[in-house]
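Comments concern the structure below.
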Amino acid sequence: MRLFELDAGRIEGLGRASANALRAFEQLRQRPVTGIPELSERAGVAFQTAARAVDALERLGIVREVTGRKRDRVYAYQQYLTILNEGPEPL
């Protein structure tokens, strides 16, 4: 939860772009690996709006492009995936 709070705080610093970036961020919290068309649909925003939001998140270092392609790119919320891959702490 701390990661989400820190990243949301960084996004809020974007000014006017923060509202759409926060929408995209909320969708990435639910599905940490996605493409822009899927993100656009799930967030209920236009493709270009989703693309600009992902670009802002990428500049902040919150997401990164993982395919290396020019088209049909896929983005990952890498720090969150790292936490998920660590698994639960032993009791």
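The values are calculated or read from the model by the stated rules, or taken from the named source; none is laboratory data. Not measured: the values here are computed from a predicted model. Heads up, the Cβs are rebuilt from the backbone with ideal geometry, glycines too, and the neighbour counts pull from every protein chain shown.
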Would you point out the residue of the range 13-35, among those that are free of Cβ contacts under 8 Å to residues at least 40 places away in the same chain and within 16 Å of Ile83 (Cα to Cα), that is surrounded by the most Cβ atoms within 10 Å (Cβ to Cβ)? Arg31
Only one of these is surrounded by 14 or more Cβ atoms within 10 Å (Cβ to Cβ) and either on the phi > 0 side of the Ramachandran plot or among the polar types (S, T, N, Q) (or both): Gln48, Gln79. Name it. Gln79
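With respect to Thr67, determine if the residue is surrounded by fewer than 18 Cβ atoms within 10 Å (Cβ to Cβ), hydroxyl-bearing (Ser, Thr, Tyr) and at pLDDT below 90. Working first, answer last.
Details: surrounded by fewer than 18 Cβ atoms within 10 Å (Cβ to Cβ): yes; hydroxyl-bearing (Ser, Thr, Tyr): yes; at pLDDT below 90: no.
Here the answer is no, as Thr67 does not meet what is asked.
In this structure, is Arg10 at negative phi, part of a loop (DSSP other than H, G, I, E, B), without any contact (Cβ under 8 Å) to a residue 60 or more places away in the chain and of a type in the set (D, E, K, R)?
Working: at negative phi: yes; part of a loop (DSSP other than H, G, I, E, B): no; without any contact (Cβ under 8 Å) to a residue 60 or more places away in the chain: yes; of a type in the set (D, E, K, R): yes.
Taking the combined requirement at face value, the residue does not satisfy it.
Whether any residue in the range 44-51 is within 19 Å of Leu81 (Cα to Cα), at pLDDT below 95 and small (Gly, Ala, Ser) is what I want to check.
Kept after step one, since they are within 19 Å of Leu81 (Cα to Cα), are these residues of the range 44-51: none.
Among the residues of the range 44-51, not one is within 19 Å of Leu81 (Cα to Cα), at pLDDT below 95 and small (Gly, Ala, Ser), which makes the answer no.
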Do you know which of the residues in the range 1-59 that are β-branched (Val, Ile, Thr) and within 16 Å of Ala76 (Cβ to Cβ) is nearest to the chain's Cα centre (by Cα)? Val54
